[in-house]
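Each reported figure results from applying straightforward, stated rules to the coordinates on display, with no laboratory input. The shown structure was predicted, so the numbers you read here are calculated from the model rather than taken from an experiment. Ideal geometry is used to build each Cβ from the backbone, glycine not excepted, and the neighbour counts take in all protein chains shown.
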Amino acid sequence: MTPDGDTIKLNIWDTAGQEKYQAINRNLYLGADGAVICYDLTTKFAVEKVDYWKKELQENAGQRCAITIIGTKNDSDVLLDTRLRLEEYAIQNNFPFAETSAKYGVNVKEAFGIAINEIEKSQPGTNPTERKSLGATAGNGGNGKTCC
Amino acid sequence: MVDKNDKPTFKLIVTGDSGVGKSCLIQVYSAIVNHTKETFADIIENPGATVGKFFHFWLRPLTYNTFNRL
């Protein structure tokens, strides 16, 4: 897509899920504006797993990193308990929650849209529409600072 | 973060346990956003452990936050 005045740049980092690569992941987390924690809806819910990723992100990416929780594989045999408890976890932690099916492309774009919106909410002035209405100019990043 | 061309740049990390479908989700998203004809079967043809992979997109607000306007 051609960049213009209304575009944003999105850099997505796909990280390793395996324990042995976690040291590499910690370097990738640096400077992250947002993160998505994926959880397989067809597996038994374990709060310590989600807590682990939340802690990793908050410790290495910082508190300003906007987290979104995505339940994956909702086209398969979803465990209702997992779905409920994952959503409950998201609500308790004030994280947005979405369910997706990559297999059928269901809710994939929307889920990433939710993650982007969450970042924009956590960083006022970065939404292009909002920046225009605020009269943001090049260089000040829409932070409201004015000269003279 | 705002880059030198005044375009907001967001760094988004996708995490989760091994095998939950992170890579697949991103590649499907990439196919949708870039309007490629890659199918799910093509994507899962080459499974493997990801160590770290980078994807870059330009997005217009209307392409990602329309549901906010409903």
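Descriptive notes on the structure:
- Shielding score for A:21-33, defined as the mean number of other chain Cβ atoms within 10 Å: 3
- Averaged over peptide A:51-59, the number of partner chain Cβ atoms lying within 10 Å of each residue's Cβ comes to 1.
- Entries of A:K44/A:K109; A:K121/B:K37; A:K44/A:K103 with Cα pairs more than 30 Å apart: A:K121/B:K37
- For the segment A:111-117, counting C-beta atoms of other chains within 10 Å of every residue's C-beta and taking the mean gives 6.
- Segment A:5-55: trypsin sites (Lys or Arg not before Pro) in DSSP coil with no more than 11 other Cβ atoms inside 10 Å: A:K44
- Going from the residue with the fewest nearby Cβ atoms within 10 Å to the one with the most, A:V36, B:V33 rank B:V33, A:V36.
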